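The values are calculated or read from the model by the stated rules, or taken from the named source; none is laboratory data. Because the structure is predicted, anything quoted here is derived from the model rather than measured. Glycine also receives a Cβ, built like all others from the backbone with ideal geometry; neighbour counts cover every protein chain displayed. With ligands, DNA and RNA removed, areas are computed over all heavy atoms of the protein, side chains included. Shrake-Rupley method; radii C 1.70, N 1.55, O 1.52, S 1.80 Å.
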Amino acid sequence: MQFNRAALDSLKSDPAASPIHRSLGYYYGNAEHDAALDAFYARFVGPGDLVFDVGAHVGDRIGSFRRLGARVVAVEPQPLCLRAIREIYAGDDDVVTIPAVCGGSTGTVDFYVNSANPTVSTASSDFVRAADGADGWQGQVWDEQFQVRSVTLDSLIAEHGIPAFVKIDVEGFEETVLSGLSNSVPALSFEFTTIEREVALRCLDRVTALGFKEFNIAMGDSMAMTFPEWVGRAEMATHVRELPHEANAGDVYCR
């Protein structure tokens, strides 16, 4: 499924969309990047599968999931990012957008916007505090705040079905997202940062309790697994603890 290139070009030239221009330029129109995404996610996603993209941002992962033949439920609270997804994937009935945060319960939550760098906007006040003054995070400012609807993974499953894969990328809110999941799914990933690696360790505890037994990790946007073979919870926890601060961020994959 091809995205709407005319809509993408229009967004890139729209001054009102300037906060996401950098993301649109980086994530769309790079065939090498797309091929790497597709090869990476093909181990989790196939034709006819359902994927939850939690923290969809401007939707580049949606593009990969759709090229692999999956249906996508995209959860994203930021109005400008939602606009981008809806315009880029306009007419694609297999992309459903949910204007919300995915959390531990239904209701509303506070959302903290980094208007200069929306990709690190978050529902986690702890994440904002952890970034304050941290090496590598200088100059990051969360300058806006609003309340947004909260849904849970359980409520999404009740409405849309059991996903083959859940991608969670929510800037420090991952533990809360996982608290809203009562039963295991075939596979999921959660992002972590080295400024909050204890959150990643608690996420590992949570997914282990849900029945996940094998883990791997991809750093940054490398789309490459660190371990040649999947490892257990203890080895993954040790690896996360021992990562240098400069490693910054990655995604833990669980199956």
| query | For the range 50-69, what are the residues that are over 15 Å from the mean Cα position of the chain (by Cα) and crowded, with 24+ Cβ neighbours inside 10 Å? | reply | none
| request: Considering only the range 35-49, state which residues are in a helix (DSSP H, G or I) and either surrounded by fewer than 16 Cβ atoms within 10 Å (Cβ to Cβ) or touching a helix residue (DSSP H, G or I) at 6+ places or on another chain (Cβ under 7 Å) (or both). | output: A35, L37, D38, A39, Y41
| request: Take the residues in the range 70-97 that are open to solvent by less than 50 Å² (accessible area, probe 1.4 Å) and in a helix (DSSP H, G or I), then tell me which one is farthest from T176 (Cα to Cα). | output: I88
| request: Please state which one of A209, A249 is at pLDDT 95 or above, of a type in the set (A, V, I, L, M) and open to solvent by 50 Å² or more (accessible area, probe 1.4 Å). | output: A209
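Let's see how each residue does on (1) under 18 Å from A237 (Cβ atoms); (2) open to solvent by 30 Å² or more (accessible area, probe 1.4 Å); (3) at pLDDT 95 or above; (4) not aliphatic (A, V, I, L, M):
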| site | (1), (2), (3), (4) |
| --- | --- |
| V166 | no, no, yes, no |
| D169 | no, yes, yes, yes |
| F173 | no, no, yes, yes |
| G180 | no, no, yes, yes |
| N183 | no, yes, no, yes |
| P186 | no, yes, yes, yes |
| I195 | yes, yes, yes, no |
| V199 | yes, no, yes, no |
| query | Could you list, in sequence order, the residues of the range 200-248 that are in contact with a strand residue (DSSP E or B) (Cβ under 7 Å, 6 or more places away or on another chain), small (G, A, S) and within 20 Å of V120 (Cβ to Cβ)? | reply | A200, A218, G220, A247
| Would the range 98-113 turn up any residue that is within 25 Å of G29 (Cβ to Cβ), hydroxyl-bearing (S, T, Y) and either open to solvent by less than 40 Å² (accessible area, probe 1.4 Å) or assigned to a loop (DSSP other than H, G, I, E, B) (or both)? | no
